[in-house]
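K.L.:
The structure that follows is given in the form of structure tokens.
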Amino acid sequence: MSELVFPVGHYVGERHPEGVQVVRVGVEHRPLTADEFGVWVLAHGAPEDGAVWTTDDLLRLAEETELADAGRHVEELTAKGLLALVPAEGGPEAVAFVEKYRLAPLLVGLGNTEDDPDDYALGFPLLDEPVAVVPVGSYELWQWGHVAPSMWHTCEVRAKVAADLNEPSGSEEVLAGLLADLRPLLVNSCAYLDLASR
């Protein structure tokens, strides 16, 4: 399997007269061409329940949408710090990823329902439909992830809570769970990845 791919940064819109798309990472605005922006958008994933999203998936969808030179753009965006590639099997590179980034929430929490207490809605108040409905793990990450200076700190808290509940899990399982909970937030633009605070 190819590597998991995650977009980094907060989209802040198109700029004229330059005609570029701008993504903010930390305090820097980074301009993207239309094709680079297309690849960055595809890196968010596709709305499929429980699906991982890899570079192979991104390149397949780029080909289907006739987005030229997607492989080259993946490499360039990774070098620019706008994409993060993470081994699907975890390991030191996955730990380095969660140490380097933190999660910043977007949208508003709309809560759960009596009929479906394990899923939570995110969106905008007073609209008829939520933007996304996510599982409890994703909702907890969305709700509390920005309090931690990095996603690694979130992993540590998750491991401690599991141990306190006599449900010990190793760091690999906790990390895999966090990465799985992250995807629904990114694919639905409920949150974005930014640099860890120091």
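Values quoted throughout were computed directly from the atomic coordinates according to the rules given, and no laboratory measurement underlies them. No experiment lies behind these values; they were computed from the predicted model shown. FYI the Cβ positions are ideal-geometry reconstructions off the backbone, even for glycines, and counts take in every protein chain you see.
K.L.:
Against the longest principal axis of the chain, how steep is helix 70-79, in degrees 0 to 90 to the nearest 10, with axes from Cα atoms?
P.N.:
70 degrees
K.L.:
Please report the relative contact order for the chain, taking Cα pairs under 8 Å with a sequence separation of at least 6, and give it as a percent rounded to a whole number.
P.N.:
About 24 percent, as a whole number.
K.L.:
Return the loop-located GluC sites (Glu not before Pro) in region 100-198 (DSSP other than H, G, I, E, B) with at most 15 other Cβ atoms within 10 Å of their own Cβ; answer none if there are none.
P.N.:
In loop regions of region 100-198 (DSSP not H, G, I, E or B), the sparsely surrounded GluC sites (Glu not before Pro) are E114.
K.L.:
Taking neighbour Cβ counts within 10 Å as the exposure measure, how do C155, C190 sort from fewest upward?
P.N.:
C155, C190
K.L.:
What value, in deg cm²/dmol to 500, does the helix sum -39500 (n - 2.57) over DSSP H runs of n ≥ 4 give at 222 nm once divided by the residues of the chain?
P.N.:
Calculated mean residue ellipticity at 222 nm is -12000 deg cm²/dmol.
K.L.:
For the chain, modelled as a Gaussian network with Cα springs under 10 Å, which listed residue fluctuates most, D164, D181, D57?
P.N.:
Of the options given, D164 has the highest mean-square fluctuation.
K.L.:
Then there's this: Rounded, prolate or oblate: which one fits region 113-198, using the alpha carbon gyration tensor with axes a ≥ b ≥ c (rounded when a/c is under 1.5, else prolate when a/b beats b/c, else oblate)?
P.N.:
Note, shape of region 113-198 comes out oblate.
K.L.:
Whose amide H sits under 5 Å from the amide H of H29, counting only residues 5 or more places off or on another chain, with H placed in the peptide plane?
P.N.:
Here the answer is none, since no amide H 5 or more places off falls under 5 Å of that of H29.
K.L.:
Pick out which of E64, E76, E93 has the largest mean-square fluctuation in a Gaussian network model of the chain, springs linking Cα atoms closer than 10 Å.
P.N.:
Greatest mean-square fluctuation among the candidates belongs to E64.
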